[in-house]
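Q: Below is a structure I'd like to ask you about.
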Ligand code: GDP
Ligand code: MG
């Protein structure tokens, strides 16, 4: 029903160390999480968010991308209505891994389209850039997703990324 659209379940996926936890915690608390890198933490968070003058309650699952958790992935993908596909501009293999995450999401949900936003994180570390912005845009286009460069450290474009995803999920829910 219509009320169901006031809640969305979103999932943050990507390789280890790309900033999944940092982005999630920045979005939920407005602080940069820098307790060091703990790849094993998987947790979910709630935040109220207003997009296009309409409130939505987001439940956000911050996944742990390590091999030993791969068995969990089916559950994450089933849970989520929309996905932030994250890579780090400093870590090329995390960029190259995105199509795999995307394919797995489509496979598990048995759909040919799932709302996703490609998020290129750590743009504050441009000195160490290993993935060009243009490559990022092309990757996003190939996955039918918007592209957003952000920095969890500097708090750049985090809300923009979530807002884009909320809009895509709304559009998708209207189609169904
Ligand atoms: P996860 O494995 O994807 O959850 O990655 P984390 O969120 O734990 O981040 C991994 C490391 O990268 C941590 O040391 C973070 O402080 C750091 N980090 C995350 N986002 C950024 C960012 O935007 N800029 C910089 N400079 N460091 C970041
Ligand atoms: Mg994490």
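Q: Work out how much length residue 100 to residue 7 would gain on full extension: take 0.36 nm times their residue separation and subtract the Cα-Cα distance, in nm to one decimal. Numbers along the way, then the final one.
A: Working: separation 93, 0.36 × 93 = 33.48 nm, distance 2.73 nm.
Separation in residues times 0.36 nm, less the Cα-Cα distance, equals 30.7 nm.
Q: Looking only at the chain, where both bridge partners belong to it, what percent of the DSSP beta bridges are antiparallel (to the nearest 5)? Please report the intermediate quantities before stating the final value.
A: Numbers: 10 of 30 bridges.
Around 35 percent of the beta bridges assigned by DSSP in the chain are antiparallel ones.
Q: Would you work out the relative contact order for the chain, in percent, from Cα pairs under 8 angstrom that are 6 or more residues apart? Spell out each step's value before the answer.
A: Details: 331 pairs, mean separation 44.5, N = 176.
That works out to 25 percent.
Q: Hey, another quick one. If you line up the long axis of helix 20-29 against the longest principal axis of the chain, both from Cα atoms, how many degrees apart are they, to the nearest 10?
A: So the helix axis and the longest Cα principal axis differ by about 60 degrees.
Q: Follow-up question, since we're still on this one. How large is the convex hull of the C-alpha atoms of the stretch 95-176 per residue, in Å³?
A: Details: hull volume 7.2 nm³, N = 82.
Convex hull volume per residue, Cα atoms: 88 Å³.
Q: Here's another thing I want to ask about it. Rounded to the nearest 0.05, what FRET efficiency is calculated for residue 154 and residue 92 with R0 set to 22 Å and r the Cβ-Cβ distance? It would help to have the intermediate numbers written out before the result.
A: Working: r = 22 Å, r/R0 = 0.98.
Rounded to the nearest 0.05, the efficiency is 0.55.
Q: Right, next: How much FRET efficiency would the formula 1/(1 + (r/R0)^6) give for residue 135 and residue 173, where r is the Cβ-Cβ distance and R0 is 35 Å, rounded to 0.05? Don't skip to the end; give the middle numbers.
A: Details: r = 31 Å, r/R0 = 0.89.
Calculated transfer efficiency: 0.65.
Q: Which FRET efficiency value, to the nearest 0.05, do you get for residue 31 and residue 125 by plugging their Cβ-Cβ distance into 1/(1 + (r/R0)^6) with R0 = 22 Å?
A: Numbers: r = 19 Å, r/R0 = 0.86.
That pair, residue 31 with residue 125, gives E of 0.70.
Q: By how many degrees, 0 to 90 and rounded to 10, does the Cα axis of helix 158-175 deviate from the longest principal axis of the chain?
A: It is inclined by approximately 40 degrees.
Q: Compute the long axis of helix 133-142 from its Cα atoms, compare it with the longest principal axis of the Cα atoms of the chain, and write down the angle in degrees, 0 to 90, nearest 10.
A: With both axes taken from Cα atoms, the answer is about 40 degrees.
Laboratory data are not the source of any read-out in this text; all were calculated from the coordinates shown. What you are looking at is a predicted structure, and each value in this text was computed from that prediction instead of being measured. Cβ sites come from the backbone with ideal geometry, for glycine too, and all protein chains shown count toward neighbours.
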